[in-house]
1. If I model a spin label at Ser66 and Ser184 as a point 7 Å from the Cα along the Cα→Cβ vector, what separation in nanometres do I get?
2. Could you list Asp21, Asp35 in order of exposure, starting from the residue whose Cβ has the fewest other Cβ atoms within 10 Å?
3. Under the 0.36 nm per residue contour assumption, what length would be gained going from the current alpha-carbon distance of Asn155 and Arg109 to full extension?
4. What is the calculated FRET efficiency for Ala55 to Met1, with r their C-beta to C-beta distance and R₀ = 22 Å, to the nearest 0.05?
5. Hey, how much of the P(r) for the stretch 3-89 falls beyond 19 Å, as a percent of Cα pairs?
6. In debye, nearest 20, what is the charge dipole magnitude of the stretch 102-186 about its Cα centre with +1 on Lys and Arg Cβ and -1 on Asp and Glu Cβ, if you could check?
7. Looking only at Cα atoms, what is the convex hull volume of the chain per residue, in Å³?
8. Within a 10 angstrom radius of the beta carbon, how do Lys88, Lys12, Lys181 rank from fewest other beta carbons to most?
Amino acid sequence: MDLAELMDSAAKPCAIHVSEDGERLVAMRLADDWDVGLRLHRRGSYRKWNVLEIAVRLRGDQESISGNDVRELPLGALIEEARRLATKSAKADVGGRPAVDLAALLEARDGRFGNDDVMLAALAFEYVSIVETGSRTPSRELAERLGGAAGSWTNRVGEARARGFLTPVDRGEAGGSLTPKALSRLGISRD
């Protein structure tokens, strides 16, 4: 299926198709006037999608699109939404199950987090798992699952990143991948 076919067949406000090579085709309807389609390619880690193609077309009787029409479209917001939908459609790729579980560690320690490598590696795994599902607020989700304040979880994730269990990301951005150090500490092997 190509982008035009997806745009033609989209019966809902948005539709996603995963191609054989893992690219995401995303079609969106804006009101009853516009169809916008994007072809995205995953780069490196999760939540990183390059836009390879954008298709814009009018619905209805109008014959052409002017430059002013296109400039009025919120393309930045549309691209971000397409990236969010692509991330949400992606299967989590954290690789295997860890030898330790964050919830079990917290329970065994009477809810005390501590600051050791095993705990930070388990947190990194849990964090990456949440982010790969497309969550925009992973610290809040950690707080809901495990208790405590979202700000505390944000600080703990920062510590896991600083200690080398998560790869760096831009300030304020959720994401990152498990590092070889985290995989080793968790007993996960990457083939």
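Derivation of every value follows stated rules applied to the coordinates shown; laboratory data play no part. Nothing here was measured: the structure is a model prediction, and the numbers come from that model. Cβ: placed from backbone, ideal geometry, glycine included. Neighbour counts: every protein chain shown.
1. Distance between the two pseudo-spin positions: 6.3 nm.
2. Asp21, Asp35
3. Numbers: separation 46, 0.36 × 46 = 16.56 nm, distance 1.92 nm.
Gain in length upon complete extension: 14.6 nm.
4. So, using R0 = 22 Å, E works out to roughly 0.95.
5. Values: 1322 of 3741 pairs.
Tail of P(r) above 19 Å: 35 percent of Cα pairs.
6. Details: 11 positive and 11 negative charges, 30 e Å.
Value, rounded to 20: 140 debye.
7. Looking at the chain, the number lands at 138 Å³ per residue.
8. Going from least to most buried by this count: Lys12, Lys88, Lys181.
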